[in-house]
Amino acid sequence: MISDTLGGTLGASPELLALFVGFGLVVGILFGFFGMGGSFLVTPALLMMGYPARVAVGSGMAFVFGTAVIATLKHHDLGQVDYKLGGIMIAGTTIGIEVGRASVFYLEEMGLAGGIISVVYVLLLGGVGLMVTRDALNSDGGSGGGHHDEADKDLSEYEIPDIAKTIQQTVRIPPMVNLRGDVTVSLWVIMAVAFATGLLSGFLGVGGGFIRMPAMIYAIGAPVPVAVGTDLFEIVFSGGIGSYLYGQGGGVDLGIVVPLLFGSALGARIGSAATSVVDADGIKIYFGGMLLAGAVAVGVGEVGSYLDIEILETIGLVLVLGAAVVVAAAVVYTSLRSLRATRSQQTPAAD
């Protein structure tokens, strides 16, 4: 009865509503855990389902905004949002996005935009994915043990990557900014990182979370949980502005957004909470694997589009959606295993 009423109100069948709720749950877990938007999952899926591009992009943007608010609140409760860093990043990112968009318009006039953007997207996803995964596997905690010990650490105890240490020691141009986790870095380093990630975001037409999150870790030196939480805080602003603009043009379909948000409301809190029980290397490995899967999926899809082979485009979409489900399930499984290990250690101590 409830599903019939909801389906009538939103103009969708109960089966489609259930699909959207389940999809929202998966994306919400990934969103809260990685701090990156779900637009690269939601928008292609909606396009494959036959929705107009404007509705697919606008509804995806509205979903990202709503999920970001939910996940950011959870990370705020965990003390994992650096609002100072977020504010500076928003300012630099905004400038970078505008330059990125201007570059796209210029390349479009030359007829080169589509091919160049696709190549950059695949190389960026694959490159960042390989770097993050290799760093996590080479770390002392890469063996997979001691999840609960790592998760209980204070933010200041997280190890800063060597490249971030080098940047902090080399670039000492004032003013210097103190960030959460006892990190001190030049304001100009943050602005440079924000501009560069904004430039790529505007050029590729994506939210940019998969770029910003590792950039805050490897260039600025922010602890992994802080990088995740602060990235989500930024997405609240970018997603909110985008949702408003698309909504003004009728590009937001509540029949899509509401059930997606219904599922992601739970998923985002699960993913956000998981960052406090899964060690930093675990987060990096999952994140790197997700990006590598995305690179392969986008590459397959682009080859299919170039050769006009529709089945390859479908395979590309199935690959990225399948990877999302597998990674979300792995996040939940690892979190439950870590909690179980922690409780088993606490029980003998209590006895």
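The values are calculated or read from the model by the stated rules, or taken from the named source; none is laboratory data. On a predicted model such as this, the values are computed, not experimentally measured, just so you know. All Cβ positions, glycine included, derive from the backbone under ideal geometry; neighbour counts span all protein chains shown. Note: areas computed on protein heavy atoms with side chains; ligands, DNA, RNA excluded. Shrake-Rupley method; radii C 1.70, N 1.55, O 1.52, S 1.80 Å.
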query = Counting every Cα pair in the range 216-270, what percent are over 17 Å apart?
reply = 57 percent
request  = Mind ranking 263-276, 241-254 by how tightly packed they are, going by the mean number of other C-beta atoms within 10 angstrom, highest first?
outcome  = 263-276, 241-254
request  = With a ≥ b ≥ c taken as the square roots of the eigenvalues of the C-alpha gyration tensor of the range 254-303, please select rounded if a/c is under 1.5 and otherwise prolate if a/b is larger than b/c or oblate if it is not?
outcome  = oblate
inquiry  = Sort 295-302, 281-288, 49-56 by packing, meaning the average of other beta carbons within 10 Å per residue, with the highest value first.
reply    = 281-288, 295-302, 49-56
task = Could you give me the percent of Cα pairs per 10 Å distance bin for the range 212-351, shortest bin first, beginning at zero and ending with the bin that holds the maximum distance?
result = 10, 25, 35, 22, 5, 2, 0
ask   = How large is the accessible surface per residue of the range 219-307, computed with a 1.4 Å probe and reported in Å² as a whole number?
value = 33 Å²
request  = Please list, in chain and number order, the residues 5+ apart from residue 177 or on another chain whose amide H is under 5 Å from its amide H, with Hs placed from the backbone.
outcome  = 185, 186, 187
task = Determine the principal axes of the Cα atoms in the range 154-276, then give the extent along each, sorted from largest to smallest and rounded to whole angstroms.
result = 51, 31, 21
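At a 10 angstrom cut-off on C-beta neighbours, averaged per residue, how do the peptides 234-240, 312-318 rank from highest to lowest?
Going from most to least packed, we get 234-240, 312-318.
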note = Diffing the range 230-240: the Karplus 3J(HN,Hα) column from phi (6.51, -1.76, 1.60, θ = phi - 60°), in whole Hz with x for Gly and Pro, holds 5, 4, 5, 4, 5, 5, 4, 6, 5, x, x
